[in-house]
Amino acid sequence: MRLDMMTWRDVDARINAGAAIMLPVGSTEQHGPMGMIGTDTICAQSVAERAADITGAIVAPSLAYTPAPFNTAFAGTVSLSAETFELVASEVLSGLLSQGFLGVFVMNGHGANLDPLRRATAKLGAGRVQIQSWWDMPRADALRKSLYGPWEGMHATPSEVAMTQALHGALPPLDAATPPTPLSAKFIAAHAGDKHGPPDEHRSDFPDGRVGSHSALATPQDGAELLRLASEDAAQAFVEFQTALHPTFHS
């Protein structure tokens, strides 16, 4: 159930009954030769909405403008500074809580969001915000690792591309058909959380936009299964979150 398609009286009744809310958070950035600019937001919002179909949860409008400074040398990327995004996220989270929602379950789709989200959350009441990245959902995580192994890489991953294919169709692979340069374990550890270099340097190092990810391994069929597993796991996690805040809650 989408917040933006409800009336204020509908929302008021849900708040009075005791409800948490889901907040998808993505990005607007390049995702390689065959990945959609809105991939991170599409994935986060779709997982949240399908989890809401299972649980009856409310889903707030997605936050789609977030930090992606390393990708701004690629056309279509729009980035907020980490400081600005932290302020925006803090105001959105506190606004939802001040409206009366018991808690906010953040469904995240972009690695660079995590540190600012954690800082924003630290300013709010303990336990009232839970941050969950869709790729960390247990069964979806196991499947993407099984399907792609090291070719999952770090950006324009086949798992996220596959999910967008399941939802909106596949784009031509173009030069993504050629495997990228594999990443070392040292590189992955040093750059976790999208800690990449300046835009021009990043584009020089990864000229087609992929960071160790073999996007062309994606298929709509795999994307549909990843979406199903992530959504079901998200639904379970949301119910546990909601129940901890409101023990009489029933999905």
Carbon and sulfur atoms: what percent of the 1.4 Å accessible area of the chain do they account for?
-> 57 percent
In the calculated pair distance distribution of region 110-225, what percentage of Cα-Cα distances lie above 18 Å?
-> 57 percent
Tell me, what is the Rg over Rh of region 68-125, with Rh the Kirkwood radius over Cα pairs?
-> 1.04
Reachable lysines from residue 145, criterion Cα separation under 26 angstrom, eight or more residues apart if same chain = 186, 195
Mind checking which of 191, 110, 214 has the largest fluctuation in a GNM of the chain, springs on alpha carbons under 10 Å?
-> 191
What does the charge add up to near residue 153, with Lys and Arg as +1, Asp and Glu as -1, over the other residues with Cβ less than 14 Å from its Cβ?
-> -2
Take the Cα atoms of region 1-95, find their three principal axes, and give me the spread along each one in whole Å, biggest first.
-> 47, 29, 17
Using a Förster distance of 30 angstrom, determine the FRET efficiency expected from the C-beta separation of residue 78 and residue 15, and round it to 0.05.
-> 0.40
Given the alpha-carbon gyration tensor of the chain, what are the semi-axes of its equivalent ellipsoid in whole angstrom, ordered largest first, with each equal to the square root of 5 times an eigenvalue?
-> 32, 20, 15
Check residue 129: other-chain or 5+ apart residues with amide H under 5 Å from its amide H, H built from backbone geometry?
-> 104
In whole Hz, what ³J(HN,Hα) sequence does region 141-149 give by Karplus (6.51, -1.76, 1.60; θ = phi - 60°), x for Gly and Pro?
-> 4, 5, 5, 5, 5, 5, 6, 10, x
Roughly how many Å² is the accessible area per residue of region 1-90, as a whole number, for a 1.4 Å probe?
-> 39 Å²
Dividing the helical contributions, -39500 (n - 2.57) per DSSP H run of n ≥ 4, by the residues of the chain yields a 222 nm value, nearest 500 deg cm²/dmol, of -14500 deg cm²/dmol
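The values are calculated or read from the model by the stated rules, or taken from the named source; none is laboratory data. All values reported here derive from a predicted model rather than from experimental measurement. Heads up, the Cβs are rebuilt from the backbone with ideal geometry, glycines too, and the neighbour counts pull from every protein chain shown. Protein only, heavy atoms only, side chains kept; ligands, DNA and RNA dropped before computing areas. Shrake-Rupley method; radii C 1.70, N 1.55, O 1.52, S 1.80 Å.
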